[in-house]
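In what follows, a structure is listed as structure tokens, so that the remarks can point back to it.
The values are calculated or read from the model by the stated rules, or taken from the named source; none is laboratory data. Treat the numbers as computed from the prediction; the structure is a model and nothing was measured. We place every Cβ from the backbone using ideal geometry, glycine too, and count neighbours over all the protein chains shown. The area values use the complete protein model at the heavy-atom level, side chains included, leaving out ligands, DNA and RNA. Shrake-Rupley method; radii C 1.70, N 1.55, O 1.52, S 1.80 Å.
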Amino acid sequence: MAIIGIIGGSGMTRLEALSVERREFISTPYGDTSAPMLFGRLDGLEIAFMPRHGGNHQVPPHMANYRANIWAFKKVGVEQVIGMAAVGGISERMAPGVLCVPDQIIDYTYGRKHTFYEQDLTSVIHVDFTEPYCDALRKRLIATAMEQGVTIVDHGTYGATQGPRLETAAEIRRMARDGCDVVGMTGMPEAALARELELCYANFSLVVNWAAGLGDGGPITMAEIERYLDEGMVRAVQVVSSLEVAN
Ligand code: HPA
């Protein structure tokens with residue numbers, strides 16, 4: 001059975017349910033990964049796990065070495081990667097607590113190392129990104145969630161912001177007009193880099209707060225976020241650990 005890669009986001013710095021068999025620091029031409037890669041089993045599923053924010057949740061979204069993390073998966077032969085993320089909800093159906101497998105992205109980030117195609121090029125390369133996520137992996141996540149009785153929103157547009165600050169109310173209103181359903185800080189360039197290396201990559205998001213200016217309109221608090229994070233990630237891990245991964 002093929003190993004599946006998991007990039008853990010906020011609330012998933014440690015994958016408690018993972019029985020770790022081996023940890024390895026993967027060297028890459030792009031510098032250090034966020035942490036050593038952990039290899040092990042989640043129930044029966046063989047997993048390679050990388051906490052995006054480092055082992056102690058010390059790497060902020062705008063500082064993560066997305067290129068090294070994605071390269072490391074390719075280097076160890078992982079072909080399917082799930083990027084887990086905590087996000088803010090923008091559209092009505094994305095209330096806190098909701099799990100979502102987005103199907104589109106809008107990229108509002110800037111200044112990040114966002115491509116492998118920079119140096120030593122023999123020609124200019126433009127990868128197709130019409131459908132930014134791997135449909136086969138998305139469908140597998142959605143089907144598994146249904147089998148497990150875990151409610152999931154099966155599509156949506158992920159707006160990737162620069163962070164680390166949260167957005168203004170006006171920025172969220174603009175993102176809503178643009179068609180964003182959720183907002184997070186890590187979805188890009190991770191998805192595009194995975195596409196450049198021809199990995200099958202899907203995002204699996206947990207909504208942990210109403211985005212700025214929505215909900216009761218007050219400030220977004222860490223207490224609010226943490227309330228949804230722990231319980232929601234348990235449901236997300238339940239889905240992932242029940243995946244049957246195609247070879
Ligand atoms: N905005 C951006 N990123 C986030 C949010 C948010 O409201 N919540 C969790 N990650």
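Filtering region 37-57 to residues that are open to solvent by 30 Å² or more (accessible area, probe 1.4 Å) and at pLDDT below 90 leaves D43, G44, N56, H57. Taking the stated definitions as given, is D107 open to solvent by 40 Å² or more (accessible area, probe 1.4 Å), of a type outside the set (G, A, S), in contact (Cβ under 8 Å) with a residue 12 or more places away in the chain and more than 16 Å from the ligand (Cβ to nearest atom)? Here the answer is no, as D107 does not meet what is asked. Just one of (1) in contact with a Phe, Trp or Tyr (Cβ under 7 Å, 6 or more places away or on another chain); (2) more than 16 Å from the ligand (Cβ to nearest atom); (3) within 14 Å of T186 (Cα to Cα) fails for S34. It is (1). Q148 satisfies every condition listed in (1) at pLDDT 95 or above; (2) touching a helix residue (DSSP H, G or I) at 6+ places or on another chain (Cβ under 8 Å) except (1). The set of residues from region 62-72 being over 12 Å from E190 (Cα atoms) and buried (at least 19 other Cβ atoms within 10 Å of the Cβ) comprises just one member, A72.
Looking only at region 87-98, decide whether some residue is closer than 26 Å to W210 by Cα, open to solvent by 10 Å² or more (accessible area, probe 1.4 Å), of a type in the set (D, E, K, R) and free of Cβ contacts under 8 Å to residues at least 24 places away in the same chain. There is at least one residue in region 87-98 that is closer than 26 Å to W210 by Cα, open to solvent by 10 Å² or more (accessible area, probe 1.4 Å), of a type in the set (D, E, K, R) and free of Cβ contacts under 8 Å to residues at least 24 places away in the same chain.
Between G83, G31, the distinction of being at pLDDT 95 or above and either over 26 Å from T221 (Cα atoms) or over 14 Å from the mean Cα position of the chain (by Cα) (or both) belongs to G31 only. Between Q119, Q148, the distinction of being over 19 Å from the mean Cα position of the chain (by Cα), under 25 Å from V239 (Cβ atoms) and open to solvent by 40 Å² or more (accessible area, probe 1.4 Å) belongs to Q148 only.
Which numbered condition trips up L166, out of (1) buried (at least 22 other Cβ atoms within 10 Å of the Cβ); (2) under 30 Å from G111 (Cα atoms)? Of the numbered conditions (1) buried (at least 22 other Cβ atoms within 10 Å of the Cβ); (2) under 30 Å from G111 (Cα atoms), the odd one out for L166 is (1).
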